Amino acid sequence: VRPSKRLDSIGFSVIRKVFERASALERSGRSIVHMEVGRPDFDTPEHIKQAAKEALDRGMVHYTSNYGLLELREAIAAKLEQDNGLSYAADGEILVTIGVAEALYLAITGWSDPGDRIVVFEPTWANYVNAPVMLGLSVERVPLRLVEPVRFDLERLEDHISPRTRLILLASPQNPTGAMLHQDDLEAIAAIALRRDLVVISDEIYEKIVYDGNRHVSIASLPGMRERTLVLNGFSKAYSMTGWRLGYVAASRELLAPLLRAHQNLVTCACSFGQVGAIAALRGSQDCVATMVAEFRRRRDRVVSRLNEMPHVSCAMPPGAFYAFPDVSSFPLPSDELAWYLLEEAGVAVVPGEAFGEGGRGHLRISFACAYDDLVDGLDRMAEALLKLKDQA
Ligand SMILES: Cc1ncc(COP(=O)(O)O)c(C=O)c1O
């Protein structure tokens, strides 16, 4: 017997490795500040949990439509109209999935074949590379310009597109840098997608987690793009529902049809009573989202200013998401060793930039989705450990 060759290049997630080691240290009595995991630390708002509990008690324990509950699809359609100016029919243009993670897999499965190419911006969320590789695609990486503010290098985007390129994958705000695509970036990408006949996968999971008056714009709202964009979104980040595993795809009937067939055969449908919670998330007050985002902003300001006070560390201000991605390339240790050093020496768990691709080397990803006081403590410990390292050099 032998495992699939397609998995050869897919290692155990570095984020999980850091987490496992941090947890082992914790079990041995060490105090650890967790800044490695990319999930909000807040509980899911009460009204959302209550709706799911009631659904469970009412006996909503069976399969739903493969598309998801109609009422949820109607709530998603209303949200897309109101927040994004996008018009999708609840019946046939929206598919409820097991998180954006499943939606991503479906989008690639539905619109490419083994041997095709997909374009991603790097540093990138690891799934954007690993999901295509699992499906037999090759990944063309376009480096982000890691300056202040982080920029998508679109002048050279078309150089990365070949006749085998079928898909381009966008996320705005982006993980791990928090960078956002603005109107002129979106127009440039749309022009290329139209000219080169590409399908765009637009991951909008962080759309609500934006700061300083930034506003997320969906590329699907640009002229000619509704017909070639798969809009991916979900409940994990905005409503702190990562464990619920609920997301969705919105697209024209023609674009969505192959995804539905893959979804039917892969998972049948998303969790029934969880979907009722998702209805409550969309239809209930959005104050919970505003409260969480305000807290993220408070943490972001603290993290970025503290990082920039540390000698030899520089950090761009992320316009969205909940990650800081400081440049630590002037330390004597490479960033992967530096991350392990910080964990062992200071009990601070952060992710080395190369976990997000070669383009992330020389950086660390610091998630500020943990309690404010823990962040303050973690950054103090980090500063002290880095000073020690510099003194040894
Ligand atoms: C860019 C991006 N998209 C999607 C996800 C996961 O979304 P979901 O929980 O809906 O699968 C993450 C999680 O870290 C992410 O960073």
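The values are calculated or read from the model by the stated rules, or taken from the named source; none is laboratory data. Being a predicted model, the structure only gives us computed values, none of them experimental. Neighbour counts are summed over all protein chains in view; Cβ atoms, including those assigned to glycine, are modelled from backbone coordinates with ideal geometry. Accessible surface areas use protein heavy atoms only, side chains included; no ligands, DNA or RNA. Shrake-Rupley method; radii C 1.70, N 1.55, O 1.52, S 1.80 Å.
Values computed for the structure shown
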| quantity | calculated |
| --- | --- |
| Residue count, segment 82-100 (criterion: among the aliphatic types (A, V, I, L, M) and more than 16 Å from the ligand (Cβ to nearest atom)) | 3 |
| Residue selected from segment 31-70 under the condition open to solvent by 80 Å² or more (accessible area, probe 1.4 Å) and assigned to a loop (DSSP other than H, G, I, E, B), by the criterion farthest from the ligand (Cβ to nearest atom) | ARG58 |
| Criterion: within 27 Å of the chain's Cα centre (by Cα), touching a residue at least 24 places away in the same chain (Cβ under 8 Å) and open to solvent by less than 10 Å² (accessible area, probe 1.4 Å) - qualifying residue of GLY359, GLY378 | GLY378 |
| Close pairs (7 angstrom Cβ cut-off, 6 or more residues apart or separate chains): farther than 16 Å from VAL210 by Cα and open to solvent by less than 10 Å² (accessible area, probe 1.4 Å) in segment 317-328, away from the ligand (no atom under 13 Å from the Cβ) and part of a loop (DSSP other than H, G, I, E, B) anywhere | PRO326/VAL313; PRO326/CYS315; VAL328/VAL313; VAL328/GLY362 |
| Single residue of ASP197, ASP153, ASP203 found to be acidic (Asp, Glu) and at pLDDT below 95 | ASP153 |
| Members of segment 1-30 found to be among the hydrophobic types (A, V, I, L, M, F, W, C), surrounded by fewer than 18 Cβ atoms within 10 Å (Cβ to Cβ) and either modelled with pLDDT of 95 or more or part of a helix (DSSP H, G or I) (or both), listed by number | LEU7, PHE19, ALA24, LEU25 |
| Some residue of segment 344-354 being surrounded by 15 or more Cβ atoms within 10 Å (Cβ to Cβ) and of a type in the set (D, E, K, R) | yes |
| Residues that are without any contact (Cβ under 8 Å) to a residue 24 or more places away in the chain and within 30 Å of the chain's Cα centre (by Cα), drawn from segment 54-72 | LEU70 |
| Unique residue being touching a residue at least 40 places away in the same chain (Cβ under 8 Å) and part of a helix (DSSP H, G or I) when the list is ALA290, ALA262 | ALA262 |
| In segment 34-48, the residues that are over 14 Å from ARG365 (Cβ atoms) and in contact (Cβ under 8 Å) with a residue 60 or more places away in the chain | PRO40, ASP41, PHE42, ASP43, THR44, PRO45, HIS47, ILE48 |
| Residue pairs meeting the criteria (Cβ under 6 Å; at least 6 apart or on separate chains; first within 11 Å of the ligand (Cβ to nearest atom), in segment 119-132; second polar (S, T, N, Q)) | TRP125/ASN175 |
| Residue satisfying all of: in segment 298-316; open to solvent by 50 Å² or more (accessible area, probe 1.4 Å) and assigned to a loop (DSSP other than H, G, I, E, B); farthest from ILE15 (Cα to Cα) among these | PRO311 |
| Entirely in segment 143-252, the strands (runs of 3 or more DSSP E) that have 3 or more residues that are crowded, with 24+ Cβ neighbours inside 10 Å and more than 11 Å from the ligand (Cβ to nearest atom) | 229-234 |
